[in-house]
1. I'd like the full set of residues that are open to solvent by less than 30 Å² (accessible area, probe 1.4 Å) and under 21 Å from residue 138 (Cα atoms), limited to region 76-117.
2. Filter region 167-199 down to the residues that are closer than 25 Å to residue 262 by Cβ and open to solvent by 60 Å² or more (accessible area, probe 1.4 Å), then identify the one that is modelled with the highest pLDDT.
3. Taking region 313-363 as the region of interest, how many residues are of a type outside the set (A, V, I, L, M, F, W, C), closer than 20 Å to residue 378 by Cα, out of contact with any helix residue (DSSP H, G or I) (no Cβ under 9 Å at 6 or more places or on another chain) and modelled with pLDDT of 90 or more?
4. Just give me the residues in region 321-337 being in a helix (DSSP H, G or I) and open to solvent by 20 Å² or more (accessible area, probe 1.4 Å), in sequence order.
5. Among the candidates 498, 515, 490, single out the residue that is closer than 30 Å to residue 92 by Cβ and within 32 Å of the chain's Cα centre (by Cα).
6. Of the conditions (1) β-branched (Val, Ile, Thr); (2) farther than 27 Å from residue 195 by Cβ; (3) open to solvent by 50 Å² or more (accessible area, probe 1.4 Å), residue 488 satisfies every one except a single condition; which number is it?
7. Please work out which residue is most open to solvent (accessible area, probe 1.4 Å), limiting yourself to region 248-272 and to residues that are assigned to a loop (DSSP other than H, G, I, E, B) and of a type in the set (Ser, Thr, Tyr).
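The values are calculated or read from the model by the stated rules, or taken from the named source; none is laboratory data. Just so we're clear, the structure is a prediction, and the values are computed from it rather than from any experiment. Backbone-built Cβ (ideal geometry, glycine too); neighbour counts: all protein chains shown. Heads up: the accessible areas ignore ligands, DNA and RNA and are worked out on the full protein's heavy atoms, side chains in. Shrake-Rupley method; radii C 1.70, N 1.55, O 1.52, S 1.80 Å.
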Amino acid sequence: MKFDDLNMEQKEAATFDGHNLLLLAGAGTGKTRTIIARAKYLLEKGVRPSRLLILSFTRKSAREIVSRLQSSSNADTRALKGQTFHSWCMEMIEKNPGVFNFGKFTVIDEEDRESAFRLVCGRHFKKSNFIEPKQLAEVYSFVVNTRCNLSTALARRLFQGRMDEETKEKILKKLPVYQEVIKKYMRFKAERRYLDYDDILQKVAVGLKKNPEAAAFIAGGYDHILIDEMQDTNPLQYLLLESFWNRCNLFCVGDDAQSIYGFRGADFNSIHYFQLLVPNAQVKKLTINYRSTQEILDLSNWVLEKSPLNYNKKLCAHRGSGEKPVISHYHQEWDMARDIVMRIKNSQGEENCQFKDNMVLSRSNRGLKSVEACLVEAQIPYVIYGGTSLMASAHVRDIVSALRVVANPRDELAWERYLCLFPRIGEITAAKIIDKLLDKENLEECIEVLEDTKGLDSDIAVTLFNIKMLEIEVNRAIEAAMRGLSKVLEHKYKEDWERRKKDITLLERIGRGSESITAFLSDYVLDPSLSTGVKGEGDPEDCVVLTTIHSAKGLEAKNCYLINVNFTQYPSSRAVANGDDAIEEDRRCLYVALTRAKDRLIIYRTHKAAQVIDATDVSSFEASKLYFLNDLPDSLYDVENLGSGSREWGFYRGEGISLSECDEFDFS
């Protein structure tokens, strides 16, 4: 069997004949190619496609792996599946109702979970005991995903991991209230037949551990499980895999240096202790990088080498040498933003680059605002990753609320949103109507209640009836919801409605691939980032990419501009307060950002970050010593200075505008 397109490291991994393997694949080392080669190797050895499972953290990446495999393999791969952990667990629940004991249910997303906590608090607790729903949801999710106790979760999420005597007293005071709220939230979900995002994994993982016979039966359906992005797994996912790793062969691909989701419960240490956790396991590495030049990798390697942790990873560029990274110092944020736009313009003229060959990376969306403003002024199209996705948009959630009611008439949260769209219905009126509806057995009885209630808009009942008639034609059901709600949505969103209306057309297109409303709603919750909106004029396929670092994994560009790399952000003050683990996660964030660049890397930081911090300011001095680019060797980078007024803004706009005028704009 030949794998001529693989290097020696990739070939050894793809043809591995042991039981369980962790493949530590550095950035740009061809991990997807290796996963595909592994699957081809197994198929050619006679493994049936139906007994081979590919898991990734997004549907998009899972489908991409399967699609590339199907187009390159001679085997019949129609039965091959690429799934996320959540969609895999949903499938196990639906195929084995006797094992997991679920009836009809609705999957709720993060916003719905917060709404549920708000409702529970409002009904059962005094204002003095009121806790922010977002905080409750975060603590609850952390408990489920890390499988820790509630007091540990409170310490980690609310007190930066501190466990001194004073903090312990504060936790003990909060503990009973949190316990009571969470109990009532869980009871509320059971009564309304809700499963939240974390329940899906938790119910399956715990259910299989409690039922070894069921675990053996379900695991018996697989010979090999291939898992991408293993560094992002949490203890709950390890508990799930525990029911499979003795009965199936695991092929886990990840990069410990790209583990940046600790705030979601991902356990960085699990990948370092893989061989202790997983029986009969071996570890191999991929170190030859095909994305970046050696100069970019030299800087990235140096950042890891300065860590007290032993990553034991040094990437080598297959492409050879190129330009050194540039560190550009600026006085004002607008100097930085204008410089980025000018470089993008120059890359088109001098290097024949397209807009999409340029990527701007930031720790947060807020940091991208000045660049976004300058791109708008320069009429350059761009796309943002890490902002509000299509499925999180208010107008889309309004349409979806009608579909949710049809799928589960006991969905109280959906009823509230749907009813409150209509004139003369506020929260109090909606609550009175909902009290009558939740006693009914089915949607038909609910529609009768709505028809018999005086003063209600007839569209409320008619719209739900029309959707029900199209339950298995999801795109037409969405059209029916749109027809019934267009009048109230146009009034609600007024001048912005024409733009928002285009999203509903996209929603219909997504719905066309679903076999039922219930399946569509599950997909929508399990993979909410189905679309990202393009802003600006021009070809939507050719846009500058603006992205947060946490949304940048898997992305790459010829020219990367990494902004605000200051000593107060790498590591952030919050990470410093949280201790060594958080500081090292911030280091890995920087590493992920650096390794997105293929040919050119520009790092922007303020002059203050480059100056020697005044030793009399103890806090600043101590923080500066932690700065990841502190003592960066001169041989690894070139330097530029952007003084105020160093770039002519008229170059972009085609007309003059003063710097002071620009600095007064409010782009927030």
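1. Within region 76-117, 85, 86, 106, 107, 108, 109, 112, 113, 116, 117 meet the criteria.
2. So the residue we want is 179.
3. Residues meeting the conditions: 4.
4. Matches in region 321-337: 333, 334.
5. 515
6. Unmet condition: (3).
7. Only one residue fits best here, namely 261.
Yes/no per residue for (1) over 25 Å from residue 348 (Cα atoms); (2) at pLDDT 90 or above; (3) more than 22 Å from the chain's Cα centre (by Cα); (4) not charged (D, E, K, R):
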position	(1), (2), (3), (4)
521	yes, no, no, yes
532	no, no, no, yes
536	no, no, yes, yes
554	no, no, no, yes
559	no, yes, yes, yes
575	yes, no, no, yes
581	yes, no, no, no
